[in-house]
Structures are given as structure tokens and as C-alpha cells.
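Read through the structure below, which is laid out as C-alpha cells, and then see the notes.
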Amino acid sequence: MSTITTYRDLEVWKEGVNISTEIYSITQSFPKSEIYGLVSQIRRSAISIPLNIAEGHGRKSTKSYISFLNIARGSINELETCFIIAFNLKYINGKYYNELMDRLNTLSKRLNSLVLSLNKKLVTES
């Protein structure tokens with residue numbers, strides 16, 4: 001097991017960055033009429049995932065870190081909802097939609113595991 005010294009060592013952060021980068025590319029093909037609507041919302045929710053993981057990791061307390069991880073999980077839910085709408089509007093194909101939803105589900109589970117381990121740390125710190 002590798003040592004975590006910065007947020008950049010976290011696999012959940014790396015996957016969040018990968019997903020966000022990919023989403024910026026994918027949303028370029030969305031209709032121009034969506035640039036200030038769905039595209040903007042998708043991009044903001046996607047980028048919020050790794051940003052909150054990074055910010056939380058930089059906090060001094062475990063409780064605060066957990067709070068930011070919970071915000072990142074909420075952003076995953078928001079992004080999933082946006083992609084359901086984009087799929088319904090036929091802005092993305094079914095193959096990409098299914099792959100992204102699987103990746104977001106896996107990322108959410110990994111964040112849940114991280115939160116659980118940090119909650120255990122909180123108990124031992126008390």
C-alpha cells in the first residue's frame with residue numbers, strides 16, 4: 001500500500017480529475033444552445049468532485065475532510081442526474097452513458113469507503 005502524502009496520491013481524486021477532463025471534451029459536442037444550461041451544470045458538477053476531495057484533504061480536521069468528501073458525493077449524484085437528462089435528450093450515446101454511470105458508481109463507492117475509514121479514525125481520536 002502506498003503512502004498518501006497529498007491529495008494527488010488519492011485514487012478517488014485521480015479518477016475525479018479523469019472524469020472531469022473527459023466530460024469537458026464530451027460536452028463540446030453538445031448543442032451550442034446548452035452552453036449556459038446543461039453543459040455549464042455538467043462541467044461544474046464534474047469539476048466539483050476532485051476540487052472538494054482536494055480541499056477536504058487540505059483541511060486540518062478529519063471531520064471537515066469528511067464534510068468535503070460528502071459534498072463530492074453529492075456532486076456525483078448531481079452529475080449522474082445531468083447525464084440522465086443529456087442521455088434522454090440524445091446528447092450522448094448509450095455506450096458512453098453506461099460507461100460513465102458505472103465509473104461514477106464505482107467512484108461513489110470508493111468515496112463511501114474513504115468516509116467510513118475516516119469515521120473510524122474519528123472514533124479512535126475521541
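A short reminder: the numbers here are calculations on the coordinates, not readings from a lab. Keep in mind it's a predicted model, so treat the numbers as computed, not measured. Cβ placement follows ideal geometry from the backbone for every residue including glycine, while neighbour counts extend to all protein chains displayed.
At-a-glance table
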| quantity | calculated |
| --- | --- |
| Per DSSP, loop trypsin sites (Lys or Arg not before Pro) in the range 1-71 with at most 15 further Cβ within 10 Å | 59, 60 |
| Part-to-part distance (alpha-carbon centres) for the range 1-36 and the range 64-116, which is given in Å | 11 Å |
| Note, ³J(HN,Hα) from phi for the range 96-112, Karplus 6.51, -1.76, 1.60, rounded to Hz, x at Gly and Pro | 5, 4, 5, 4, 5, 4, 5, 5, 5, 4, 5, 4, 4, 5, 5, 5, 4 |
| Gyration tensor verdict on the chain (Cα atoms; rounded if a/c is under 1.5, prolate if a/b is larger than b/c, oblate otherwise) | prolate |
| Mean separation of Cα contacts under 8 Å (6+ apart) over length of the chain, as relative contact order % | 25 percent |
| Cα gyration tensor shape of the range 1-41, rounded if a/c is under 1.5, else prolate or oblate by comparing a/b with b/c | prolate |
| Pairs beyond 19 Å (Cα-Cα), from 14/95; 60/120; 63/120; 14/63 | 14/95; 14/63 |
| Electrostatic dipole magnitude of the range 47-126 [Cβ: Lys, Arg +1; Asp, Glu -1; Cα centre; debye, to 20] | 220 debye |
| Listed residue (48, 94, 19) projecting farthest to the positive dipole end of the chain, Cβ model | 48 |
